[in-house]
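The values are calculated or read from the model by the stated rules, or taken from the named source; none is laboratory data. Just so it is clear, the model here is predicted, and its values are computed rather than measured. Because the Cβ atoms are built from the backbone with ideal geometry, glycine has one as well, and the counts that use them run over all protein chains shown.
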Amino acid sequence: MSLRVNDLRVHYRTLKGEVKALDGVSFTMADGEILGLAGESGCGKTTLGKSLIRMDGRMRHAGGTVELDGRNLPVGDDRAMNAFRFHEVSLIPQYSMSAMNPTRRIGKMIGELLRSRGVTLDTAELHHRIDLVGLPREVLSRYPIELSGGMKQRMVMVISTLLDPSLLIADEITSALDVSTQKAVVKAMLGFRDNGFVKSMIFITHDLALTSNLADTVMIMYAGKLAEKAPADKVVKAPRHPYTQLLINSLPEIGVRYDQRKLAGIPGSPPSLLNPPKGCRFRDRCPIAGGECAEEPPVAEIEPDHFVACWKA
Amino acid sequence: MLKVDNVTKVYKVGTFGGRTMTAVDTVSFDVRPGEVVSLIGESGSGKSTIGKMILGLTPVTSGSITVDGVPIQPGKDYYRTVQGVFQDPFSCYNPVFKADRVFALIKESYYPSVPDAEWTERVRSAIQDVRLNPDEVLGKFPHQLSGGQLQRLLIARALLLDLKLLIADEITSMLDASTRIDVLNLLAELKARGLGVLYVTHDLSLGHYLAERTVVLRRGTIVEMGLTSKVFDDPLHPYTRQLLSAVPRLHAPWDDIEPPATCLYHERGGVGGLLEADPGHYVACAQLSDC
């Protein structure tokens, strides 16, 4: 097992109290696995990604452990995490458009970054990786402003994986890109995994169709908790959690037209995480909720590798 | 109703506007009453510029835009019939005021003589028309409402006017999957009122779900235009084919279509004028027969 997250709880400190953005999430990832993490805004997917590499000042580690390659990852300790950052865990941020230093040529910036980590630059390896993502080598002598959005995104991918991290977290990296650029970025991500530059990958997105094309396993989160986790084709073809089912049914696909089949959204909105209600958090929006849903459903493995948190599944 | 005729937009760029950039290049299409037309293109294809020109937010360099045969004249009378809704619902509201202030502003500038009681009734029925519960959304601040609710309130605001044409510029890209479809269904329902909708988007599956006709833009020119079923099921232009093949699908893996090496569009961008391949199905490709 490459990554083992056990009952991780991360809270945001606000003036009104603690927002329980991540409220007891457990999962494991195998070597070479790509995990797609999906859910509505505010479901805790970005919080989960961030807490595995760096918690910002508002976040508090409220419990739970993370184990990476058999070693305990001190997620709550900002200083101790420094030894792991980029060497073991790396991140491609959501706004990689602004992730590069605008006043340095990209090649020089990469040299400076590596020096700050005490590593010398292997130019041949860098060129090899730039070729792999389909960029011309001249980008190294250009400024970030001279690159298009998709090129910058791919350049940041190369930079964040230069130290061959074990775990790569990609947070909404394709949301701002066009479909054809999106495809190129996703293909490059798969290439990185197949070449062994990264061992496993968490791909955070709200685009289920894209995730199902890239990820081996898809994990759906709802209101700070795990709703369903299963191999990608299971989630798409035979989802068991009512939330996943409604979510899949609300996606327009090419081939679906309004006048032939009217899709429906999910009525209502997720509960406030300041004082989340007891029991199943999807209860108020769920079409099949019953009396037992007042108790919180445990995450159960209903088939091998298919985890669902629902009494009715 | 809306007729965009050979419209070109040239932006001045660079220091002191020394260079020019053609964002929209001789584009012509029309939107009929009771019809949703989707304008699909990647970033930089000029789709938002077209929306802005129709709304009179930016002047046209050459060509003409007419609504019901009358050249557009931005002003109160024009905005009574043509309105736009944009991508980010959160920045359309002033966070200091309650969200329903947008309705009060409409009354102030367009219907000052309508009595308050009647106006409240009109607002409530417009909110019901966009499938919201007036008691849930009135009197709330923007941060207390979800993105989907705010977006639908903006559509309700447009419906209070004598609306004929709605320009919907990427109105669902900031919304979650669970609420996005409600806004789309709403747009489809507006057709029944005889409203024309120009739906600007980069998401092909949303355009396909909603629109009767589709216009595919590339670098400011139309590459393909026609009935949605024709454009999506039988795409003729290699760019449209490539675009369609790049759309991630839930139940099928990506198919790999690379642009053919000999394709003229690939070398020089758009080619020449539009050819009518089938009745009402236009395509800009010199090599129609070969690829």
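Whether any residue in segment B:80-93 is small (Gly, Ala, Ser) and either surrounded by fewer than 21 Cβ atoms within 10 Å (Cβ to Cβ) or over 30 Å from B:LYS107 (Cα atoms) (or both) is what I want to check.
Filtering segment B:80-93 down to residues small (Gly, Ala, Ser) leaves B:84, B:91.
Next cut, either surrounded by fewer than 21 Cβ atoms within 10 Å (Cβ to Cβ) or over 30 Å from B:LYS107 (Cα atoms) (or both) only: B:91.
Yes.
Within the option set A:MET100, A:MET151, A:MET189, being more than 14 Å from chain B (Cβ to nearest Cβ) and either out of contact with any His (no Cβ under 9 Å at 6 or more places or on another chain) or not in a helix (DSSP H, G or I) (or both) holds for one residue only, A:MET100. Checking each residue in segment A:71-87 for being out of contact with any Ser or Thr (no Cβ under 8 Å at 6 or more places or on another chain) and in contact (Cβ under 8 Å) with a residue 40 or more places away in the chain picks out only A:HIS87.
I want to confirm something. Restricting to segment B:24-47 and keeping residues that are crowded, with 18+ Cβ neighbours inside 10 Å and among the charged types (D, E, K, R), which single residue is farthest from B:ASP203 (Cα to Cα)?
At the first step, the residues of segment B:24-47 found to be crowded, with 18+ Cβ neighbours inside 10 Å are B:24-25, B:27, B:29, B:31, B:35-42, B:45-47.
Narrowing further to those that are among the charged types (D, E, K, R): B:25, B:35, B:42, B:47.
Numbers: B:ASP25: 22, B:GLU35: 19, B:GLU42: 9, B:LYS47: 12 Å.
In this case the residue turns out to be B:ASP25.
Condition test on A:PRO93, is it at pLDDT below 90 and of a type outside the set (Gly, Ala, Ser)? Judged against the criteria, A:PRO93 is a match.
Quick check, is A:LYS183 crowded, with 19+ Cβ neighbours inside 10 Å, farther than 19 Å from A:MET100 by Cα, of a type in the set (D, E, K, R) and within 14 Å of chain B (Cβ to nearest Cβ)? Step through it out loud before you land on a result.
Values: crowded, with 19+ Cβ neighbours inside 10 Å: yes; farther than 19 Å from A:MET100 by Cα: yes; of a type in the set (D, E, K, R): yes; within 14 Å of chain B (Cβ to nearest Cβ): yes.
Yes; evaluated as a whole, the condition is true for this residue.
Let me confirm something: among B:THR61, B:THR26, which residue is closer than 20 Å to B:MET225 by Cα and touching a residue at least 12 places away in the same chain (Cβ under 8 Å)? Being closer than 20 Å to B:MET225 by Cα and touching a residue at least 12 places away in the same chain (Cβ under 8 Å) holds for just one of B:THR61, B:THR26, which is B:THR26.
Filter segment A:117-162 down to the residues that are over 25 Å from A:LYS183 (Cβ atoms) and at pLDDT below 90 and list them by number.
As a first pass, look at segment A:117-162 and keep what is over 25 Å from A:LYS183 (Cβ atoms): A:117-125, A:141, A:143.
Matches in segment A:117-162: A:ARG117, A:GLY118, A:VAL119, A:THR120, A:LEU121, A:ASP122.
When A:LEU251 is tested against (1) at pLDDT 90 or above; (2) touching a Leu at 6+ places or on another chain (Cβ under 8 Å), only condition (1) is not met. All conditions but one from (1) among the hydroxyl-bearing types (Ser, Thr, Tyr); (2) in contact (Cβ under 8 Å) with a residue 12 or more places away in the chain; (3) over 30 Å from B:ASP135 (Cβ atoms) apply to B:TYR93; the one that does not is (3).
Taking segment A:64-90 as the range and being out of contact with any Leu (no Cβ under 7 Å at 6 or more places or on another chain), surrounded by 15 or more Cβ atoms within 10 Å (Cβ to Cβ) and under 26 Å from A:LEU15 (Cα atoms) as the test, only A:GLY76 passes.
Within segment A:255-282, the residues that satisfy the criterion of being among the aliphatic types (A, V, I, L, M) and touching a Gly at 6+ places or on another chain (Cβ under 9 Å) are A:LEU273, A:LEU274.
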